[in-house]
Amino acid sequence: MRLLTHNMLSSNIKGVTNGFPLQIEAVKVVEKQVDFNPDFLKNMFSKVDWTALAAASKALGYADLPEAAGADMLDSDDFLRRFHHALLQLHLEEGALVCPETGRRFPVSKGIPNMLLHEDEV
Amino acid sequence: MWYLCVFYHRLLDYRKPEVESLAELFGVFNSRESESGRENGNPEKNCLQWRLPQYHHPDSPFHFVDLPSDDIARKIANRSILVKGVYELWGEGSTYEELEEAIKAYPDEQKLPYLTSESTFKITIDSFGKVMSSEEQNDRIRSFSYIPFKGRVNLRSPDHKFWVLETDDSGSNNGLPPVDQKRIFFGREVGTADRKLLPTYQLKSRTYLGPTAMDAEMAFLMANQALTAPGKLVYDPFVGTGSILVAAAHFGAMTMGADIDIRVVRDGRGPDCNVWSNFKQYGLPMPLGLLRADNNLPPWRPGLKEVFDAIICDPPYGVRAGGRKSGGRKLLKGVVGPYTVPDDKRTDHIPSTAGYCLAECVHDLLDLAAQMLVMGGRLVYFYPVLREDDTIDTNFPEHPCFKLVAACEQILSLRYSRVLLTMVKIGPYTEEIAESARIQHLEFKENHLKWLEEGNLRSAVLSPVDSHSGGEGYAKLEQGCDGSILID
């Protein structure tokens, strides 16, 4: 699971009002090469929750993202490379996503987060 | 400028919408918009002008289309799946004499640049619906000696390709309604489709397949309808084995997919036979994300919107594969009360699911698309319809955020078709729309059983045909495009 996906997900358990961001329990993290596409990154920047991305990136062991970021930083190639690495190349292969409100663990195995709810959570 | 557009004689309903989508992709309507001073609501703004050749039926493979330039015409043809070729027409006629007059009357300044002594050329005869011997073809080719070709013939890789295209004489059986008179066209090839894609991507050589994997030709058509292009993000909420996303990735898009069945997205049939390996097989970039999620209860964070450029999918509408959603059948029916999964059993617990009827599935899909598509983004999906008296009900799903731009029918059996709907997002997802979607969501939940029964297309497809319609006891379900019929 890339952090792009993590940035889009929340705990949708019935009754949970604050399901985002999901905390990451990392068991196995791998890096996967993705072609660098500045236009895609610039496009995605406005849609990403930066605070959540920076925290998630740190949880996966990559602390090179600034705490806060503004659109003016998109002109910097260095910034875009870091953004690219954090958003698309870091992979949570095994671990879990934890609901910040209830502590419910959504397992991630073979890189696939399992977001399906149990009967009593629907 | 008018071009002769010749189609492969298949998927007739899909031909023009594909060309129109590609025209949009290659910016035909942007330039038109600036010319006409950005007139909003002009109904012809996003349409191409089409014309039929004399004596031709709308199902004919021959059409004329108005395109701004050779360059655009070539791009459209090269990217398309159903365009056999786009030609600059030098002349047409009902007889070879009429054709000769027409070609001679075509302005020299159009012709001479392609007839110079430095260039090579080739003439090919293509007759629709009949076979011509090679002597006959050579005689025909020689008869064009009145065109002042200065260059040499090169059959392997000519600079300019000329085509003599003719339809059969009237009355013969070429699968089309008879024409009063045959028509012969002579034109210069501007571009052709790359059908080599299809054998490369054909399903029978794909490693990981499911029972409802989308046939390669159709997947490419869907990707074209969705204006798939490099740098765009395409999502399939019913990803299965990824057959639709493979086509989107081929055209350069980033992809994401979800499925409720975790075995399909996570495990496949082993380490080298899963959704990822289907992309690896063709050297395509892997999907950016795959997840297990329920389209009925999507796990997107609040406030997330307008992230996907296109959503392309084949929803599970219960004929070949039934849809599932979270919540047990008994639970939703009220037979058992709400219950709690014991803590020690939570980890390996397999949540029960219930049937997911067509109406609810489409409602969720439209709501997802309204929220998650960028403005101008496209939702492309199949919608099942019953055929009665050779016609179909054309009341397709509607949504205030969307405009329907194409509905292409593919007939699957005597009684059952699927229609590929292409919708464009034209309005933002507002609070009011979100609220009405929420209310409808609750209504679906309350009327679960009722919807399940009403939405039961499957029983209509498979129930006995009325006795007057023939001896067959059951409606005939033709073989699906992936060669399998699955009825669960």
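Annotations for the structure displayed:
- Scope the stretch B:54-64; condition open to solvent by less than 40 Å² (accessible area, probe 1.4 Å), farther than 20 Å from B:N224 by Cα and in a loop (DSSP other than H, G, I, E, B); matching residues: B:H56, B:S60
Residue by residue, here is whether (1) assigned to a loop (DSSP other than H, G, I, E, B); (2) facing chain B (nearest Cβ under 10 Å); (3) open to solvent by less than 50 Å² (accessible area, probe 1.4 Å); (4) at pLDDT below 95 holds:
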| position | (1), (2), (3), (4) |
| --- | --- |
| A:F40 | no, yes, yes, yes |
| A:N43 | no, yes, no, yes |
| A:E67 | yes, no, no, yes |
| A:F79 | no, no, yes, no |
| A:F83 | no, no, yes, no |
| A:L97 | no, yes, yes, no |
| A:L116 | yes, yes, yes, yes |
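- Each residue in the stretch B:65-115 was checked for being in a strand (DSSP E or B) and buried (at least 17 other Cβ atoms within 10 Å of the Cβ), and 12 of them qualify.
- The residues of the stretch A:1-19 include none that are closer than 23 Å to B:T255 by Cα, free of Cβ contacts under 8 Å to residues at least 60 places away in the same chain and more than 7 Å from every other protein chain (Cβ to nearest Cβ).
- Residues that are facing another protein chain (nearest Cβ under 9 Å), more than 13 Å from the chain's Cα centre (by Cα) and either modelled with pLDDT of 95 or more or open to solvent by 30 Å² or more (accessible area, probe 1.4 Å) (or both), drawn from the stretch A:20-38: A:K32, A:D35, A:N37
- Test: residue in the stretch B:43-51 that is open to solvent by 20 Å² or more (accessible area, probe 1.4 Å) and touching a residue at least 40 places away in the same chain (Cβ under 8 Å): yes
- Matching residues, the stretch B:98-129, being under 14 Å from B:I141 (Cα atoms) and of a type outside the set (A, V, I, L, M): B:E100, B:F121, B:K122, B:T124, B:D126, B:S127
- Listing of helices (runs of 4 or more DSSP H) fully contained in the stretch B:369-469 that carry 2 or more residues being modelled with pLDDT of 85 or more and not charged (D, E, K, R): B:431-446
- Qualifying residue in the stretch B:314-321 (condition: within 9 Å of chain A (Cβ to nearest Cβ) and at pLDDT below 95): no
- Residues (out of contact with any strand residue (DSSP E or B) (no Cβ under 8 Å at 6 or more places or on another chain) and at pLDDT below 80) located in the stretch B:150-207: B:D169, B:S170, B:G171, B:S172, B:N173, B:G175, B:L176, B:P177, B:P178, B:D180, B:Q181
- In the stretch B:66-97, the residues that are in contact (Cβ under 8 Å) with a residue 60 or more places away in the chain and more than 36 Å from the chain's Cα centre (by Cα): B:T95, B:Y96
- Any hit, the stretch A:7-16, residues being assigned to a helix (DSSP H, G or I) and modelled with pLDDT of 95 or more: yes
- Residue match in the stretch B:285-292 (condition: open to solvent by 30 Å² or more (accessible area, probe 1.4 Å), in a loop (DSSP other than H, G, I, E, B), within 9 Å of another protein chain (Cβ to nearest Cβ) and touching a Gly at 6+ places or on another chain (Cβ under 6 Å)): no
Quick grid of which residues meet (1) over 26 Å from the mean Cα position of the chain (by Cα); (2) open to solvent by 10 Å² or more (accessible area, probe 1.4 Å):
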{"site": "B:P397", "(1), (2)": "no, yes"}
{"site": "B:L404", "(1), (2)": "no, yes"}
{"site": "B:E409", "(1), (2)": "no, yes"}
{"site": "B:M423", "(1), (2)": "no, no"}
{"site": "B:S436", "(1), (2)": "yes, yes"}
{"site": "B:I439", "(1), (2)": "yes, yes"}
{"site": "B:E443", "(1), (2)": "yes, yes"}
{"site": "B:E446", "(1), (2)": "yes, yes"}
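- Subset of the stretch B:293-317 (residues that are within 18 Å of B:G210 (Cβ to Cβ) and either part of a helix (DSSP H, G or I) or within 23 Å of the chain's Cα centre (by Cα) (or both)): B:N295, B:I312, B:C313, B:D314, B:P315, B:P316, B:Y317
- Top-ranked residue in the stretch A:103-114 [being facing chain B (nearest Cβ under 7 Å) and over 17 Å from B:P298 (Cα atoms); ranked as surrounded by the most Cβ atoms within 10 Å (Cβ to Cβ)]: A:S109
- Among the residues listed as B:G252, B:G210, the single one being in a loop (DSSP other than H, G, I, E, B) and either out of contact with any helix residue (DSSP H, G or I) (no Cβ under 9 Å at 6 or more places or on another chain) or modelled with pLDDT of 95 or more (or both): B:G252
The values are calculated or read from the model by the stated rules, or taken from the named source; none is laboratory data. Since the structure is predicted, the reported quantities are computational estimates derived from the model, not experimental observations. No Cβ is skipped: glycine too gets one built from the backbone with ideal geometry, and neighbour counts run over all protein chains shown. Quick note on the areas: whole protein, heavy atoms, side chains included, nothing else; ligands and nucleic acids left out. Shrake-Rupley method; radii C 1.70, N 1.55, O 1.52, S 1.80 Å.
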